[in-house]
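Trainee: Shown below is the structure under consideration.
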Protein chains: 2
Amino acid sequence: MTNKEKILRVAYKMIYRNGYEQTSVDEIISKAKISKSNFYYHFKSKESLGIAVLDLRIERYVNEVINETLMNNKLTPLRRLESFYNKVVKFHKENECKYGCPFGNLASELSSKNHKFRKRLAAFFEQWREKIELCLKHGIEKKEFSDKFNPKLFSEIILAHLEGAILISKTYKQINPLEKGSKEIIKLLKAA
Amino acid sequence: MTNKEKILRVAYKMIYRNGYEQTSVDEIISKAKISKSNFYYHFKSKESLGIAVLDLRIERYVNEVINETLMNNKLTPLRRLESFYNKVVKFHKENECKYGCPFGNLASELSSKNHKFRKRLAAFFEQWREKIELCLKHGIEKKEFSDKFNPKLFSEIILAHLEGAILISKTYKQINPLEKGSKEIIKLLKAA
DNA sequence: TGAATAGTACGTACTAGTTAGTCCTAATTA
DNA sequence: TAATTAGGACTAACTAGTACGTACTATTCA
């Protein structure tokens, strides 16, 4: 692994757990066991590292989570949504619900004061929502989901509920709000 | 207004807009035009101020927002829920959706690293959810809402959706996710 | 040769919290 | 009534530590 990759990996973990502002360059270089000059050789500032970390994690999340579940054409739309929720629930269970959503956390911390972060997060949320919408549309066509739901409006609700449920599960330190809530939403979608 | 009240007012605004960690005692005393020693005369630490601010805002939110709408027995349950959403939407419109939910922000920032904050926020969310649940129960009894909804499960969904929608509205800098989403949820509840 | 690395010392700004003491009012006491 | 005492509200100046970023020299390695 190159030093640059090390920085990105260590920084992601620290930013995810402690937030962007609370993560210091000094701590990153200490954990990554590299020199400060090497850090500034690879990144011109702390902000540019933060953006690089975010871009990388968005790319990986889209490829490894969203596309693998919501866009998996080996599954029916209902199973796609279920496998997506299962993956999310599994992740937060493994973390004991402690750290929340990596993207929601950054959105909460930085949206109001850093335009670059906000723009990227907004574009990512929109991309995510569109893929939920597509899954809903296909599910309605295949009559797995009730046609009384407007796919666009309900994809917004699903995404908002997911972010909120992860936040509340983190606050309660219990998976229930996320796990039961997502099951109830699927039940609702199926109901005629 | 006493200096103590000034500190609480100034600190609330700064913490709400910039987060707890990004709000410095130095900046608080400068904006409140008081000395640092006076600050430490009234509060034994920055944390104890933060807790005092949170307790105060929870108390006011319960009395002035939640009880005035969700528990307002001059309104039918449906109107209670509508007036609650209207109040929330109005608040975020006035702030151009910039700052998010005062409680959600703190939950996101502090739940994982400060037990005192987390405990208070969890208790508050639970109290809030219970009042939504009560409103749903009454609405189902009065046949304003469909009886196919489990009040407890759906109150969890409503609260989670609200927090998530506020966060996404902040990220988009658009009221749509919050405003359209809440209208859609009400429509859903009414549907037979 | 030139990209990548280490080390270290800085500079400037900011951080939470402490110290030792002043000012003023109100109650107590001789 | 006049002196004394107690204590709440307040202040300026300070400490010790952390932050991001820069400067500069000196290696390592492809």
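Trainee: Pairs of alpha-carbon atoms within less than 8 angstrom and 6+ residues apart define the contacts here; what relative contact order does the stretch B:43-192 have, in percent? Each step should come with its number before you reach the end.
Mentor: Values: 120 pairs, mean separation 39.9, N = 150.
Normalised by residue count, the contact order of the stretch B:43-192 is 27 percent.
Trainee: What are the semi-axes of the equivalent ellipsoid for the stretch B:54-190, taken as the square roots of 5 times the Cα gyration tensor eigenvalues, largest first, in whole Å?
Mentor: Numbers: eigenvalues 115, 63, 38 Å².
After scaling each eigenvalue by five and taking roots: 24, 18, 14 Å.
Trainee: At a probe size of 1.4 Å, how large is the accessible area of A:Tyr40, to the nearest 10 Å²?
Mentor: 110
Trainee: For B:Lys170, give me every one of the aspartates and glutamates with a C-alpha distance below 16 angstrom, ignoring sequence neighbours fewer than eight places off in its own chain.
Mentor: B:Lys170 reaches A:Glu109, A:Glu126, A:Glu156, A:Glu163, B:Glu94, B:Glu96, B:Glu109, B:Glu179.
Trainee: Sort B:Tyr85, B:Tyr41 from largest to smallest accessible area, using a 1.4 Å probe on the heavy atoms of the protein chains.
Mentor: On the way: B:Tyr85 5, B:Tyr41 175 Å².
Per-residue accessible area, sorted high to low, gives B:Tyr41, B:Tyr85.
Trainee: Considering only B:Ile168, B:His138, B:Leu153, whose Cα is most displaced toward the positive end of the charge dipole of the stretch B:133-173, charges sitting on Cβ of Lys, Arg (+1) and Asp, Glu (-1)?
Mentor: The residue sitting farthest along the positive end of the dipole is B:Ile168.
Trainee: Give the Debye-formula value of log10 I(q)/I(0) at each listed q (0.15, 0.16, 0.17, 0.19 Å⁻¹), with one equal scatterer per alpha carbon of the stretch B:1-43, two decimals each.
Mentor: Reported log10 I(q)/I(0), two decimals: -0.30, -0.34, -0.38, -0.48.
Trainee: Placing unit charges on C-beta atoms (Lys and Arg positive, Asp and Glu negative, everything else neutral), compute the dipole magnitude of the stretch A:54-190 about its Cα centre in debye, rounded to 20. Display every interim value, and only then the final one.
Mentor: Values: 27 positive and 18 negative charges, 19 e Å.
With only Lys, Arg, Asp and Glu charged at Cβ, the dipole is about 100 debye.
Trainee: Counting only residues 5 or more places away or on other chains, whose amide H sits under 5 Å from the amide H of B:Asn72 once H atoms are built in the peptide plane?
Mentor: Under 5 Å from the amide H of B:Asn72: no residue qualifies.
Trainee: Here's something else I'd like to know. So how far, in whole Å, is the C-alpha centre of the stretch B:129-192 from the one of the stretch A:73-117?
Mentor: Using only Cα atoms, the two centres lie 21 Å from each other.
Trainee: Based on the Cβ-Cβ distance from A:Glu5 to B:Glu5, what FRET efficiency comes out when R0 is 35 Å, to the nearest 0.05? Could you put the intermediate results ahead of the total?
Mentor: Numbers: r = 52 Å, r/R0 = 1.48.
The pair A:Glu5/B:Glu5 has a calculated efficiency of 0.10.
Trainee: Where Rh denotes the Kirkwood radius from the mean inverse Cα pair distance, what is Rg over Rh for the stretch B:1-130? Don't skip to the answer; put the middle values down first.
Mentor: Values: Rg = 16.2 Å, Rh = 16.0 Å.
On the Cα set of the stretch B:1-130, Rg over Rh gives 1.01.
Trainee: In addition: Go through A:Asp147, A:Asp26 and list them by solvent-accessible area, largest first, probe radius 1.4 Å.
Mentor: Working: A:Asp147 125, A:Asp26 85 Å².
Largest to smallest exposure gives the sequence A:Asp147, A:Asp26.
Trainee: By the gyration tensor of its Cα atoms, with a ≥ b ≥ c the square roots of the eigenvalues, what is the shape of the protein assembly as shown: rounded for a/c under 1.5, prolate for a/b over b/c, or oblate?
Mentor: Working: a/c = 2.19, a/b = 1.14, b/c = 1.92.
In terms of gyration-tensor shape, oblate.
Trainee: Separate question: Using each residue's phi in the stretch A:78-95, evaluate 6.51 cos²θ - 1.76 cosθ + 1.60 at θ = phi - 60° and report the 3J(HN,Hα) Karplus result to the nearest Hz, with x for Gly and Pro.
Mentor: Working through the residues one at a time gives 4, 5, 4, 5, 4, 5, 4, 4, 4, 5, 5, 4, 4, 4, 6, 4, 4, 8 Hz.
Trainee: Just by accessible area at a 1.4 angstrom probe, what is the order of A:Arg80, B:Arg120, B:Arg57 from largest to smallest?
Mentor: Numbers: A:Arg80 30, B:Arg120 85, B:Arg57 55 Å².
The ranking, largest first, comes out as B:Arg120, B:Arg57, A:Arg80.
Trainee: Need one value: the accessible area of B:Met14 in square angstrom, 1.4 angstrom probe, rounded to the nearest 10.
Mentor: B:Met14 has an accessible surface of roughly 10 Å² with all protein chains in place.
Trainee: Leaving out ligands and nucleic acids, and using a 1.4 Å probe, what accessible area per residue does the stretch A:1-110 come to in Å²? Mind dumping the intermediate values first?
Mentor: Details: 5570 Å² over 110 residues.
So the stretch A:1-110 comes to 51 Å² accessible per residue, rounded to a whole number.
Trainee: Sticking with this structure for a sec: With every protein chain left in place, what is the accessible area of B:Phe149 in Å² (1.4 Å probe, nearest 10)?
Mentor: 10
Trainee: What percentage of the solvent-accessible surface of chain B, computed with a 1.4 Å probe over protein heavy atoms, is contributed by carbon and sulfur atoms? All intermediate terms of the calculation are to be shown ahead of the outcome.
Mentor: Details: 4450 of 8970 Å².
Answer for chain B is 50 percent, counting heavy atoms of protein chains only.
Trainee: Still on this model: Quick one: what Rg and Dmax do you get for the stretch B:112-154 from the alpha carbons, in Å?
Mentor: 14.2, 44
Trainee: Using the Cα centre as the reference, give the magnitude of the dipole from point charges on the C-beta atoms of the protein assembly as shown (Lys, Arg: +1; Asp, Glu: -1; all else neutral), rounded to the nearest 20 debye.
Mentor: Working: 74 positive and 46 negative charges, 59 e Å.
For this selection, approximately 280 debye.
The values are calculated or read from the model by the stated rules, or taken from the named source; none is laboratory data. Because the structure is a prediction, the values reported are computed rather than measured. Ideal geometry is used to build each Cβ from the backbone, glycine not excepted, and the neighbour counts take in all protein chains shown. Accessible surface areas use protein heavy atoms only, side chains included; no ligands, DNA or RNA. Shrake-Rupley method; radii C 1.70, N 1.55, O 1.52, S 1.80 Å.
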